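Engineer: Dumping the structure here so I can ask a few things about it.
No lab work stands behind these numbers, since they all come straight from the coordinates. Bear in mind that the values here come from a model prediction, so they are computed numbers and not experimental data. Neighbour counts run over all protein chains shown; Cβ positions are idealised from the backbone, glycine included.
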Amino acid sequence: MHKTAIAIHGGAGTITKASLTEEKERIYTAALKEAVEAGHSVLEKGGSALEAVEEAVRHLEDCPLFNAGKGSVFTKEGKHEMDAAMMDGKTLEAGAVAGVKSIKNPIKLARAVMQHSEHVLLSGYGAEEFARNQGLEFAPEAYFFDKLRYEQWLEVRDSEAIILDHTEKKDEKFG
Amino acid sequence: TVGAVAVDQAGNVAAATSTGGMTNKRYSRIGDSPIIGSGTYANNRTCAVSCTGHGEYFMRAVVAYDVSCLMEYKGCTLQQACEEVVMKKLVKFGGEGGLIAVTAAGEIAMPFNSEGMYRASKVADQDTYVGIYK
């Protein structure tokens, strides 16, 4: 029997200690611990690596602290567009979705694409139609509203700036 | 962006990544997260990888697959491959961020070149590790 292991991340960037209070740090730490232990619990019970990563990511998607699922940031139009992907190291099968709206857990949709479609990457309305056909859960706009994310968006809404999870904006172009 | 990589009792690895993108993005911009090989990749022969950071750089550097390739074709360890890609190649590109990775043997790497990365790991019955800063 192999040794089980799991690692998770909740984003990277310019996270200065000055901008993260002790209380906030405690909350983030608790959320990360809960997610990684949820995934590890799946492994300890004999579950697959696929099931474990889905469970850990689902926990993070349901937590408003992180930029995914419920905590997704606002687009220029004030909406939420989400992407997700999953890959199986045993079979090299992969599934992904891009630019989907109102999907409660995009990682579940990515897994459904991998296991129930003949494609690897679905996007936009088509991906949402596939989610309906698969019986996946949708959530209203209000579910994705978060006061902090809204205030972050207000700061740049009337500019061309785009901001990464925890990083100050940079004015760069990519051709 | 959030992500997870894992190895199970059968020695199979998997990777998953999910993101809400970037604040104030437009034109249906897509980053590296849903791009297999850039933000997410898994292969039992090498490792499973999930990335987080400025997606445009990660796509151009094909980060996740690059880590796997260094292990498969050059014989690098996971740590060596991650060091090469995140701390050298990405830095040259100007790309900020990091990744998490795990091998079928249960070796974990969580390198990042930004000031911080929210991360956690748990191996077998060892204590849970949680970190934010370097």
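Engineer: In which sequence would B:MET71, A:MET86 go, from the one with the fewest C-beta neighbours within 10 Å to the one with the most? It would help to have the intermediate numbers written out before the result.
Structural biologist: Details: B:MET71 21, A:MET86 34.
So the ranking, lowest neighbour count to highest, is B:MET71, A:MET86.
Engineer: Place a label point 7 angstrom from the Cα of A:GLU93 along the Cα-to-Cβ direction, then list the residues of the stretch B:1-43 whose backbone nitrogen is under 16 Å away.
Structural biologist: B:12-16, B:42-43
Engineer: Per-residue Cβ counts within 10 Å, from other chains only, averaged over B:103-114: what number is that?
Structural biologist: The shielding value for this peptide is 3.
Engineer: Here's something else I'd like to know. Obtain the nm distance between the two label points defined at A:SER41 and A:LEU20 by a simple spin-label model: each point lies 7 Å from its Cα along the Cα-to-C-beta direction.
Structural biologist: 2.5 nm
Engineer: Sequence-distant or interchain residues sharing an amide H contact under 5 Å with B:GLY21, placed H: which?
Structural biologist: A:ASP83
Engineer: Something else about it: Starting from the amide H of A:SER123, placed 1.01 Å from N in the peptide plane, find each other amide H under 5 Å away whose residue is 5 or more places distant or on another chain.
Structural biologist: Here A:ALA98 satisfy the definition.
Engineer: Of A:GLU61, A:GLU25, how do they rank once you tally other Cβ atoms within 10 Å and put the fewest first? Show your work: numbers first, answer last.
Structural biologist: Working: A:GLU61 28, A:GLU25 14.
Ordered by Cβ neighbours within 10 Å, fewest first: A:GLU25, A:GLU61.
Engineer: Which of rounded, prolate, oblate describes the stretch B:79-134, given a ≥ b ≥ c as roots of the alpha-carbon gyration tensor eigenvalues and a/c under 1.5 marking rounded, otherwise prolate only if a/b is larger than b/c?
Structural biologist: Details: a/c = 3.77, a/b = 1.57, b/c = 2.41.
Verdict is oblate for the stretch B:79-134.
Engineer: Would you list A:ASP146, A:ASP62, B:ASP8 from fewest to most Cβ contacts within 10 Å?
Structural biologist: Ranked by crowding around the Cβ, least crowded first: A:ASP62, A:ASP146, B:ASP8.
Engineer: If you don't mind, there's one more thing I want to ask. Going by amide H atoms built from the backbone, whose H comes under 5 Å of the H on B:ILE36, apart from near neighbours?
Structural biologist: Those qualifying (amide H under 5 Å, at least 5 residues apart or on another chain) number zero.
Engineer: Kindly list the residues of the stretch A:65-98 that lie in the label zone of A:GLU34, defined by a backbone N under 11 Å from the point 7 Å along the Cα-to-C-beta vector.
Structural biologist: Only A:65 pass the distance filter.
Engineer: Order these peptides, B:79-91, B:27-39, by their mean beta-carbon neighbour count within 10 angstrom, highest first.
Structural biologist: Most protected by this proxy first, the peptides run B:27-39, B:79-91.
Engineer: Under the Karplus relation 6.51 cos²θ - 1.76 cosθ + 1.60, θ = phi - 60°, what is the ordered set of whole-Hz ³J(HN,Hα) values for the stretch A:136-152, x standing for Gly and Pro?
Structural biologist: Ordered by residue, 3J(HN,Hα) equals 7, 7, 9, 9, x, 3, 4, 4, 8, 6, 9, 4, 5, 4, 5, 5, 4 Hz.
Engineer: Still on this structure, please answer the following. First check a/c for the stretch A:1-136, with a ≥ b ≥ c the square roots of the eigenvalues of its C-alpha gyration tensor; if it is under 1.5, answer rounded, and if not, answer prolate when a/b is larger than b/c or oblate otherwise.
Structural biologist: oblate
Engineer: When the Karplus curve 6.51 cos²θ - 1.76 cosθ + 1.60 is applied with θ = phi - 60°, which whole-Hz ³J(HN,Hα) does each residue of the stretch A:31-38 get, with x for Gly and Pro?
Structural biologist: 5, 5, 4, 4, 5, 5, 6, 5
Engineer: List the pairs from A:LYS3/A:LYS24; A:LYS147/B:LYS88; B:LYS25/B:LYS92; A:LYS33/A:LYS101 whose alpha-carbon separation is above 31 Å, in the order I gave them.
Structural biologist: A:LYS3/A:LYS24; A:LYS147/B:LYS88
Engineer: Under a crude label model (7 Å from the Cα following the beta-carbon direction), how far is A:LYS3 from A:ALA139 in nanometres?
Structural biologist: Placing both labels 7 Å along Cα→Cβ, they lie 3.6 nm apart.
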